[in-house]
Every structure is written in C-alpha cells, then in structure tokens.
1. Nearest 10 degrees, 0 to 90: what angle lies between the long axis of helix 96-112 and the longest principal axis of the chain (Cα atoms)?
2. If you line up the long axis of helix 192-201 against the longest principal axis of the chain, both from Cα atoms, how many degrees apart are they, to the nearest 10?
3. Most mobile of 122, 54, 242 per a Gaussian network model of the chain (Cα springs, under 10 Å)?
4. Please report the antiparallel percentage of the DSSP beta bridges confined to the chain, to the nearest 5.
5. Normalised by the residues of the range 3-145, what does the relative contact order come to in percent, with Cα pairs under 8 Å and at least six apart?
6. For residue 4, go through the lysines and keep the ones whose alpha-carbon is under 23 Å away, minus same-chain ones fewer than eight residues off.
7. If I stretch the segment between residue 65 and residue 4 completely, what's the gain in nm (0.36 nm per residue apart, minus their alpha carbon distance), one decimal?
8. Would you mind telling me the antiparallel percentage of the DSSP bridges in the range 3-145, rounded to 5?
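Read the figures in this text as sums done on the coordinates, not as results from a lab. Please read all numbers here as calculations on a predicted model, not as lab measurements. Heads up, the Cβs are rebuilt from the backbone with ideal geometry, glycines too, and the neighbour counts pull from every protein chain shown.
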Amino acid sequence: MLTKVFAPAKVNLTLHVTGQRRDGYHLLDSLVAFADVGDRVSLRAADALSLEVTGPMAAGVPADETNLVWRAAALFDVPVAITLSKHLPAAAGIGGGSSDAAATLFAMADLTGDKVLPEGATDLGADVRVCLMRQAARMQGIGEQVAPIAGLPPLPAVLANPGVDVPTPAVFKALTDKSGKPMARKLPKWPGVKGAIDWIASQRNDLEPPAIATAPVISDVLADLAALPGARLARMSGSGATCFALFDTRDAADAAAARLAEAHPEWWVTPATLT
Ligand SMILES: C[C@@](CO)(OP(=O)(O)O)[C@H](O)COP(=O)(O)OP(=O)(O)OC[C@H]1O[C@@H](n2ccc(N)nc2=O)[C@H](O)[C@@H]1O
Ligand SMILES: Nc1ncnc2c1ncn2[C@@H]1O[C@H](COP(=O)(O)OP(=O)(O)O)[C@@H](O)[C@H]1O
C-alpha cells in the first residue's frame, strides 16, 4: 500500500521574538498559516528504510539519515521506502524540513495504525509541532506551544525566494534585540480579508533585519513584492529568505505572481492561498 501525504509550506504571518532561554533558544510569538503549495511524501512498507528525493527543488536536499523525513520514519519500527518530492526551496523559512517531517509522521501513523506519536517526534525541529496542526495557529514558547486560530480568512498571497540559503541559527545569532513586544494576548476577530491584512501589517517579523544583514537580497525581494499591483503587505517568513505579499483576491495574487516571475526568472515565485 502506498501512503501519500501533502506537506504544505508554513508561513509565519507574524514572528515576534520576545526573549531567549538559557539554552540559547528564542521565545517566539507567531501567527502561522499554511499554503496550498508544498512537498509530497509517499511511502510504502519495505525491507529496509530508504529515501529518494525527487521533484523540481530536490537539488542539494540530503537523501540520507540527515533528512528530517528519514529521521521521522526511523522513529517507527516499520521500515519503509520513502519518496520525497520537493517543490519548496530548502533552508528558506517556510518549514520545508519540518513540514516534510510532520507529513512523514502522519503517513507512518496511517501505515502502522499507531495512534500515539513516537517519542522524539516533536524534537525533530521547533516547527514540527505547528506543522502537525496544518491549520492557522498561534505558536509560542520556542515553538512547543501551539493553539489553533479560528476566524482567519483564506489569504491570497505571492511567495518569493531569491535562491539564497539562509541558515536559521545564523539569523537568530545576528538578532540584536531579543525582547520584542508579543502580539496582543487576545487576537482580534478579523472582519474579512482586508481587515486581517490590515492587522497583520500592524505586526512584525523581528528576524527581518538580521536576515537582511545576512542576505541583503532579501530587501530587494521585499521591495519588489511591495511594488506589485494590489500588494497590501510584504514581509519575510520565518528566518528567510522566502518573503510573501498579501492581496485582497486570488486573481490579484495570480496576476502579481506571473509578473514577478517574469521579472525574476531566477527566483522561486508562486501564488498561494494561506489558511
Ligand atoms: C524561525 C522559525 C519560525 O517558525 O522558522 P524557519 O525559519 O526555520 O522556517 C522556527 O522557529 C525554526 O524552526 P526549525 O527550523 O524547526 O528550528 P530548529 O531546527 O529546531 O532550530 C534551528 C536553530 O534555530 C535556532 N532557534 C530555533 C527556534 C527557536 N525558537 N529559537 C532558536 O534560537 C537555534 O539556533 C536552533 O539550533
Ligand atoms: N526534508 C527536508 N527538506 C529540506 N531540507 C531538509 C530536509 N531535511 C533536512 N533538511 C536540511 O535542513 C536544512 C533546513 O531546511 P528547511 O527545514 O527547509 O529550512 P527552514 O528551517 O528555514 O524552514 C536544509 O539546509 C537541509 O540540509
């Protein structure tokens, strides 16, 4: 039996860094949503664990035991042959590895019938827990506290990545002020797409300045996204370098994505709906 699971891109609509723990990990307050674009994990029972990485964004992604997909599957007793089809850029702030790991955990649970996640599952990465949720959520702590958020309307978006790898630890290291203000304790009720975008625009991604210091091309991506017709907001996701713009309608996002892709054929550009 072949089990297939979609691994959506994670987008940090907001990312406030509110403190740092003694072990170096940072305290976050983030509104996270998921895109209708992503990777695909498929697996079947086999004699030994194996991984093949395919797809348009496979270049440079490890196909060995360092891949989070491999590590997630290895937590189970059943050996499987896995195919990971990469459509998302790696090391890009959209949780590719974490989302792939979460999808693998779902696929393995489906295959084995296990109802409880194996020990170590959520230690695979700080974003794995939110990626297991697969719906808009508020993420706090270092990523271990996740609560679903109701009432966020589907948000039309363009995602763009200039092709530079931005390692997450380097960006956190370059952050100077680690005590940003959190989001309001109670998130507002958003009156539709326009109201939600207005509110998101009033929040921040505190990792933008250190990521731009690490990879200055990110400021070009933000400027080009902000200049697209109909763009209401441009912001970076996670620790970068992927940035997103939000639009009032999916038609506007589709047209803007086509325009940006034409201007920058060397960038990864896609329209998406975030939920
Ligand atoms: C920044 C965020 C925001 O959603 O996203 P990405 O940019 O990775 O997509 C995440 O917190 C990243 O999650 P993830 O990529 O799973 O992180 P991990 O592999 O656990 O950690 C990579 C490194 O990031 C730093 N790190 C991560 C999370 C956190 N709350 N504080 C940190 O300081 C640590 O240096 C850690 O060694
Ligand atoms: N399934 C995977 N997909 C992409 N990268 C992976 C995967 N598993 C492990 N990695 C490694 O993790 C690093 C971070 O990738 P990723 O999780 O996509 O980034 P981010 O944490 O910025 O969202 C990559 O450089 C890559 O070497």
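1. 40
2. Helix 192-201 sits at roughly 80 degrees to that axis.
3. The residue with the greatest mean-square fluctuation here is 54.
4. Around 90 percent of the beta bridges assigned by DSSP in the chain are antiparallel ones.
5. Once normalised by length, the contact order is 31 percent.
6. Partners within reach: 86, 115.
7. This chain segment gains 19.9 nm when fully extended.
8. Of the beta bridges lying entirely in the range 3-145, close to 85 percent run antiparallel.
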